[in-house]
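For reference, the structure is listed below as structure tokens.
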Amino acid sequence: MGGPDAATKRLDAFFTKLNAGFWGPDGRMAWMGNEPSLSAPWIYCFLGQPYKAQKVVRQTMTELYSPAPVGYVGNDDLGEMSSWYIFAALGMYPEIPGSDVLVLGSPLFPNAVLHLENGDVAIFGNGAGKGSPYVQSLTVNGKTWNKPWIHYSDISNGGTLVYDLNSTPNQNWANSPGDAPPSCTNGMAQTNPFP
């Protein structure tokens, strides 16, 4: 299979074009205008390169979405494309279906507040903007955070995420293998839906 380096090279090639779709070489190019590709940028967080996820997500948001009447590519499919944009603009994504893991990117706005049932979540993006997608540092609920993910339970009763962002990638933030989001291969509970 090749390991993390081979996977990174495949992802880098996959994102040579953001919306090539079936028309890329052998159909192996990103099609960010269609749901099956939407989770792909966040895979970089599992490979110790969250700065690449931050780049591709922001590039997708700024190149494929706009406030024009046709503001996004593809079919919204009952809100799938627009909900991806909202998650991306907040700097988080539910990458692992059926889990409480939120993989982190970078917020587009200087501040946002989520009003959850048990408390508000405040997201601050110091230096946030179209050209500043790169996380330099992060605190979650006042604690220094060096992982590109959180559990929903970390913020379900309210919380605060404070990002310092810049236009230059920080390749050292959340890059060690121990910082990677959990997966079914490293301790997440596995369930068999077909007993």
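The values are calculated or read from the model by the stated rules, or taken from the named source; none is laboratory data. The structure presented is a predicted model; accordingly, all values stated were derived computationally and were not measured. Positions of Cβ are generated from backbone atoms using ideal geometry, with glycine treated the same way; all protein chains shown enter the neighbour counts. Please note that ligands, DNA and RNA were not included when accessible areas were found on the heavy atoms of the full protein model with its side chains. Shrake-Rupley method; radii C 1.70, N 1.55, O 1.52, S 1.80 Å.
For the reader, a short list of remarks on this structure follows.
- Extending 7 Å from the Cα toward the beta-carbon at both residue 59 and residue 137 defines two label points whose distance is 2.9 nm.
- Alpha carbon centroid spacing (whole Å) that separates the stretch 85-125 from the stretch 48-84: 15 Å
- Förster radius 22 Å - calculated FRET efficiency between residue 76 and residue 130 (Cβ-Cβ, nearest 0.05): 0.50
- With loop membership from DSSP and a limit of 15 other Cβ atoms within 10 Å, the longest segment of the chain without trypsin sites (Lys or Arg not before Pro) is 29-129.
- Computed with a 1.4 Å probe over protein heavy atoms only, the accessible surface of the chain comes to 53 Å² per residue.
- Under 20 Å from the residue 39 label point (7 Å along Cα→beta-carbon), backbone N, the stretch 131-159: 148-153
- Accessible-area composition of the chain, carbon plus sulfur, in percent [1.4 Å probe]: 56 percent
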